[in-house]
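The structure appears below as structure tokens.
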Amino acid sequence: MSSTPHIYWQPAQFWQAEGERLLCTLCPFRCALSDGQVGLCRVRRRQGDHLETATFASSVHHWQTIERKPLYHFRPGRHTLTLAAPGCTFRCDYCQNSRISQYGRDDSVEWTALPVDSAQVVAEARAKDAMIALSYSEPTLAAELTLALAYEARETGVEIVWKSNGFVTPEALALIAPALAAVNIDLKAVDDDAHRRLTGAPVAPLLANLHAFRARGIWLEISTPLITGFNTDTASLVALAEQVYAIGAEVPWHLLRFHPDYHRLHADPTTPELLARAVAIAKDVGLRYVYVERALGARGRCTYCPQCGYEVITRDIWALRQNALHDGACPACGEIVPGKW
Ligand code: SF4
């Protein structure tokens, strides 16, 4: 990366002409842009006869474990080089990463990203036998960067993962999917009105994409922030758990603790009791792998064999301590634990 924060607009993919307008086909908002117009996400714009993106850039460049995404059933303990391109298609009022994600949508958010050299990032990851994650902001908006990284990573073994809102069109997903090894998608509400209230976006495209990511062979885990007073009533918790179950009983579901942040400062933090109740509801619904990183102690973040209860993966906070699986199976009873190990 260079050292001067500056927006470098680069030619974008994912658009088509529609009469006098150019239609952005990256996310389901499908902005129809006149010359000079910027999309709802504020990081894509029309310049003459093409679209441009500002997301060949990152506000972070640091190392974590894959557990931090969180991805628990995917390469446990693996080092991960994390990038975050500015921008988001959602405008959640509790966003803990608003200083990156709400660039262009919130006047107080400044541009802090530096250009990304894809080849250099891949070389760094390869040297540490690591993977690359796009996280914190919305990686679907960095689709071109993701493809560039995947091109550089071809035949290197370096895998690319997203922590995403999953709000992408089917045709864009079809093009991006081969670049991705795993995704963790946020599911914040099942009810469309509630989802629109929180995020400003409909929920149907993301629900469809939960199935689509799996169908394309991308390892999927789901996260739900339990936001006090928004999705923490019993009916909402049951609906969320049933939605995850509809994707697959074996899909790992991460229940995230909410802390007051950004514009949602009035709500209380999620209590451990509420997280425990949500876990119990999820188990009653039939989900096999439900995780809470910290608030419920070590038991909340370890993996137990759903057949015999053996502790097959022991985790410290955001870190692997021990993986006892033998070729993906429980060493005590032989039950297969789904994942990419
Ligand atoms: S990615 Fe941005 S410009 Fe494209 S349709 Fe979505 S909001 Fe509009």
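The values are calculated or read from the model by the stated rules, or taken from the named source; none is laboratory data. Small disclaimer: the values here were computed from a predicted structure and weren't measured. In this analysis, Cβ positions are derived from the backbone assuming ideal geometry, glycine residues included, and neighbour counts consider all displayed protein chains.
Observations on the structure shown:
- Within the range 8-27, the residues that satisfy the criterion of being part of a loop (DSSP other than H, G, I, E, B) and more than 14 Å from ALA142 (Cβ to Cβ) are GLY19, GLU20, THR25.
- The residue that is farthest from the ligand (Cβ to nearest atom), among those in the range 28-49 that are outside any loop (DSSP other than H, G, I, E, B), of a type outside the set (Val, Ile, Thr) and surrounded by fewer than 17 Cβ atoms within 10 Å (Cβ to Cβ), is GLN47.
- Scanning the range 87-99 for residues that are more than 14 Å from the chain's Cα centre (by Cα) and within 16 Å of the ligand (Cβ to nearest atom) yields a total of 2.
- So TYR289, is it of a type in the set (Phe, Trp, Tyr) and more than 24 Å from the chain's Cα centre (by Cα): no
- Any hit, the range 61-79, residues being of a type outside the set (D, E, K, R) and within 15 Å of the ligand (Cβ to nearest atom): no
- Flag for LEU22 being crowded, with 20+ Cβ neighbours inside 10 Å, more than 7 Å from the ligand (Cβ to nearest atom) and touching a residue at least 24 places away in the same chain (Cβ under 8 Å): yes
- In the range 77-106, the residues that are assigned by TED's automatic domain parsing to the domain that holds LEU26 form no Cβ pair under 9 Å with any partner that is at pLDDT 90 or above and within 16 Å of the ligand (Cβ to nearest atom), whether six or more places apart or across chains.
- Of residues in the range 110-150 being among the hydrophobic types (A, V, I, L, M, F, W, C) and within 16 Å of the ligand (Cβ to nearest atom), the one surrounded by the most Cβ atoms within 10 Å (Cβ to Cβ): LEU141
- Set GLN102, GLN16: member being within 16 Å of the ligand (Cβ to nearest atom) and at pLDDT 95 or above: GLN16
- Residues being within 21 Å of THR65 (Cα to Cα) and in contact (Cβ under 8 Å) with a residue 12 or more places away in the chain - total across the range 285-315: 18
- Beta carbons closer than 9 Å, at least 6 apart along the sequence or on distinct chains, pair a first residue in the range 213-234 that is on the phi > 0 side of the Ramachandran plot with a second that is at pLDDT 95 or above for GLY217/ALA177.
- Residue check for ALA54: within 15 Å of the ligand (Cβ to nearest atom), in contact (Cβ under 8 Å) with a residue 12 or more places away in the chain and touching a Phe, Trp or Tyr at 6+ places or on another chain (Cβ under 7 Å): yes
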